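Derivation of every value follows stated rules applied to the coordinates shown; laboratory data play no part. The model shown is predicted, which means the values in this text are computed figures rather than measured ones. In this analysis, Cβ positions are derived from the backbone assuming ideal geometry, glycine residues included, and neighbour counts consider all displayed protein chains.
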Amino acid sequence: MIVLEKRPQPSRAWSLMTPVVAVVITMIAGGLLFAALGKNPAEAIGTIFWEPLFGEYAFFYRPQLLVKGAPLVLIAIGLSLGFRAGIWNIGAEGQYIVGAICGAGAGLAFYPMESVFIFPLMVLAGALGGWCWAMIPALLKVKFGTNEILVSLMLVYVAEQLLASVSLGLLKNPQGFGFPGSRNLQSYESAFNAELIEGSGMHWGVVAAFIAVILSYVLLNKHILGFNIRLTGEAPRAARFGGVNPTRLILFCLGMSGMLAGLAGMFEASGPAGQISIDFNVGYGFTAIIVAFLGRLHPVGILLAGLLMALTYIGGEIAQSNLGLPAAAIQVFQGMLLFFLLALDLLTNFRIRFAAKGAA
Amino acid sequence: MKLTKLLATAAVALGLASTAMADDKTKVGFVFVGPVGDGGWTYEHNKGRLAVEEKFGDKVETVFVESVPEGPDAERVMTQMALDGADLIFTTSFGYMDPTINVAKKFPKVKFEHATGYKQAPNVSVYSARFYEGRAVQGHIAGQMTKSNVIGYIGSYPIPEVIRGINSAFVHARAVNPDVQFKIIWAYTWFDPAKEADAAKVLIEQGADVILQHTDSTAPQAAAQAAGNVVTFGQASDMSEYAPFPRVSSIIDDWAPYYIARTQAVMDGSWESANTWHGIGDGMVGIGEISDAVPAEIKASALQLKAKLASGEYHAFTGPLNKQDGSAWLADGETADDGTLAGMGFYVEGLEGDVPQ
C-alpha cells in the first residue's frame, strides 16, 4: 500500500528537481500524444525543442525567443513577489492591456513630433497605467477586504472592453480608412521601441526583463522588504507578530506586479506589435502565471521558465507548419507542463512510502 | 546600424533563395486566425487550401498554422514559412496587415496575399469578397420572413466590412417591408460561441424573430433552434447542419477559385500585385441553398435578386439612399463607388442607434 507522508521540511532537492522532471515527463506524455496523432514523436519533440535553438534557421529563432520570452518574464517577476506573500494577482493580462494603452496613448498624443523625451514618457505612462489598474483590487482589498483574485480577474474583461473601445475610437488611426487599430508606432521613430542591435531581438522590453530579474533577486535576498514578503508567505502569524504591515505589503506587491505588467504591455505595443488593436493581448498575463510557478517563484528560475515557454510556442509553430500538428495538440502539450509540475509538487512536501498492508 | 540591417536582410533573403530552389514544388503557406474546425471563417479558408492541393496534386505543397494571434506572433509564423521556402503565403485575417507588409519587405521574392486589408506592395496583393451582395439577398429574405418586424443583428466589430453588411441587409429588408426594424448588438469578437449565444438570446428576448450574424460560430443558430420560431442565416460557411430551419440560407465565402488562380499565377510566373474584390458574380460569395422553410415566391424573388447582383445589372447600393442623419448619399439611380464602400463608417437612413466610436 502506498502512503503519503508529510515531510517535516519541504525538500530542497525536489523543489529544484520538479521542473526538470516535469519537462521530461511532459516530453514523454507529449510524445505519446503526438504518436496517437500519427506523427513521429521523436521528430515532433525534436522540432519543438531543437529546431528553434540549433536548427537551420536558428539565427532567426534565437532572437525571437527573447522577443516572446521578455513579456512573460517581466510579468512573472512581478507576479512572483505577490505569490510569495500569498497575494494573488490573476489579472496581469488586464494590467498589461492598460499599460499598453497608456504607453501607446502617451506616444500618439505627440504624433508627429520627434523628440528623445517621448519614449521615456511612454515608459512612465505604461508603468503608471499598469500600476493604477492593479491598485483597484489592491485598494478594494485593504479597504473592504475584497478578494483580489476575483477583482483582478474581472478587471481583465473590463480592460479588454477598454482596448476595443480605444482601438475603435480614441486611438484609431485617422488614416486607417475606418478600420480599427492605432497608427503603427514602428513608423514613428520617437515612439518606436526598436531592436537595440539589429537582428538580435534585444529591445528595451528585453533589457527591462533582465533588470527586473536582477532587482527582484536583490530585493528578495538582501532587502528587508523581500524578507517580509517571504516571511508573510511562509509564516503569516510570525510575520504579523514580527511587525510586518500587511496593508503596505498588499499595496506594494499588487502595485509592483501591475507596474511590471504595464511595462510589458507598453514595450510590446511600441515594439514587436507596433500598434494598439482590438486583439492586441494574446494571453501573456495568464501564461506568466505558469511561468512564475514553473520558475519556482525564483527570479532566475522565472528567467529560464520564460525562455522555455517561449521555446514551446516557437517550436510549436514550427511543428504545426512542418509536421502538420494541430494547434490544439501544442496547447495540450503546454498544459501538460503545468499539470505535471503541480502534480510533482506533491513530492516537495510529501514523501511516498510503500507500507505493509494494514500498517497505516 | 544601416549596414547591419542590410546584412541581416541579405542573410535572410539568401537563406530563402537557397531553400526555395531546393525543390521544384510550389510551396503555399496559409496563416489562419482561428482553428480550422471553427465551422466558419477559417474553415472556409482551409477548404480553399485543400482545393489547391486537390487541383495541383504533387506539384504543390501546402502548409498552415492555425490560431495565430494577430501581431508579432503572426510576423514570426510568416517569416518561418518564408524561410522554409514558401513561394506564396496567404494571410487570412485583417490584423495580419502590418505583419504581412513587414515580412514581405524582408522576402521580396515571396508573394504574399492578405485578406480584407488595404495595404499593397509589389509582392503583396490584397483580396476580399463583396459579402454585402450576399447581405442584400439575406435582407430581402429576412424582411419578408419576420412577423414581429424586428430583425436582430449580431455585429462583430464596427468596421467598414460589418457596417456595409448591416446597411445592405437593412436597405433590402426595408425595400420589401417598410415596417422592419433592426436591433444591433456588438459582440466585439469574431468567434466566441458563449458571447454569440448570449447576444442571440438577448435579441430574441427583445422580440427579434430573425437573427443575422456577422460572427463565425454556430452558437446563434443553436440559440434560435432552442427558441423554436426564430430564423437564422449561415455565416461564412453554409452551417447546413441547422437547415432547413432555423437556418434558411447562408452566405458562403468561397476562396477556392481565387486560391487556385493565384497559385497557378505563381507557377506560371505571371503573378502580379493586385487588389481583388470579388462578389457573387465571380463566385467568391456564395448563397447557400434557400430551404423549404422559405415560401416559394420569396425564394424565387431572392434568386432573381442574386442573379441580378451576379450579372452586375443591379448594385446592392443603388440610390436614392440617404445617410442616417438624413443627408443625401446617393441620388436616384446612382451606385456607390468602391472607395466609399471600402471605408464605410455610417449607417443609412432608418437604422437606429449609432456606430460605436
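A compact table of results
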read-out	value
From the C-alpha gyration tensor of region B:244-303, square roots of 5λ in Å	34, 11, 8
Violating pairs (Cα-Cα greater than 26 angstrom) within the set B:Lys47/B:Lys201; A:Lys172/B:Lys119; B:Lys55/B:Lys299	B:Lys47/B:Lys201; B:Lys55/B:Lys299
Within region B:54-87, trypsin sites (Lys or Arg not before Pro) in DSSP loop having at most 11 other beta-carbon neighbours inside 10 Å	none
Cα Rg, Dmax, region B:148-188, angstrom units	10.4, 30
Fewest-first sequence of A:Cys102, A:Cys253, A:Cys132 by Cβ atoms within 10 Å of each Cβ	A:Cys132, A:Cys102, A:Cys253
Per-selection Kirkwood Rh - region A:38-325 (Cα, Å, 1 d.p.)	19.5
Region A:71-189: equivalent-ellipsoid semi-axes (sqrt of 5 x gyration tensor eigenvalues, Cα, Å)	30, 16, 11
Amide hydrogen neighbours beyond the local backbone of B:Phe112, cut-off 5 Å, H modeled	B:Ile89, B:Val124, B:Ser125
Within the protein assembly as shown, percent of DSSP bridges classed antiparallel, to nearest 5	25
Loop GluC sites (Glu not before Pro), region B:224-306, which have at most 13 other Cβ atoms in a 10 Å radius of their Cβ (DSSP)	B:Glu272
Least to most buried among A:Leu66, B:Leu88, A:Leu153 (fewest other Cβ within 10 Å first)	A:Leu153, A:Leu66, B:Leu88
Computed over chain B, Kirkwood Rh from alpha-carbon pairs, angstrom	21.3
Unit charges at the beta carbon, dipole of region B:190-307: most positive-side option, B:Gly234, B:Ala208, B:Val248	B:Ala208
For the protein assembly as shown, calculated [θ]222 nm from helices alone, where every DSSP H run of n ≥ 4 adds -39500 (n - 2.57)	-18500 deg cm²/dmol
More than 18 angstrom apart: percent of Cα pairs within region A:133-189	52
Area projected by the alpha carbon convex hull of region B:157-210, averaged over all directions, nm²	4.0
Shielding score for B:341-347, defined as the mean number of other chain Cβ atoms within 10 Å	2
Cα-based helix-to-principal-axis angle, B:2-20 vs chain B, degrees rounded to 10	80
Projected-area average for region A:262-354 over all orientations - Cα convex hull basis, square nanometres	8.5
Pairwise centroid distance, computed over Cα atoms, of region B:207-283 with region B:296-357, Å	19
Mean-position separation - Cα centroids, region A:272-314 and region A:143-203, in angstrom	17
Whichever aspartates and glutamates have a C-alpha closer than 12 Å to that of B:Lys147, once near sequence neighbours (fewer than 8 apart) are set aside	B:Asp179, B:Asp209
Cα centroid of region A:76-90 to Cα centroid of region B:109-154, whole Å	45
Diffusion constant of region A:160-291 at 25 °C, which comes from Stokes-Einstein with the Kirkwood Cα-pair radius and 0.890 mPa s, µm²/s	141
Volume per residue that the Cα convex hull of region A:1-68 spans, once the total is divided by residue count, Å³	151
Rg/Rg_globular for region A:1-128, with Rg_globular taken as 2.2 N^0.38 Å and Rg from C-alpha atoms	1.58
Fewest-first sequence of A:Ser187, B:Ser217 by Cβ atoms within 10 Å of each Cβ	A:Ser187, B:Ser217
Listed residue pairs exceeding 27 Å between alpha carbons, taken from B:Lys27/B:Lys106; A:Lys68/A:Lys141; A:Lys39/B:Lys59	A:Lys68/A:Lys141
For region B:82-90, Karplus couplings with θ = phi - 60° (6.51, -1.76, 1.60), whole Hz, Gly/Pro x	5, 4, 7, x, 5, 8, 9, 10, 9
Kirkwood-based shape ratio for the protein assembly as shown, expressed as Rg/Rh from alpha carbons	1.00
Expected-Rg normalisation [2.2 N^0.38 Å, Cα atoms] applied to region B:98-172	1.56
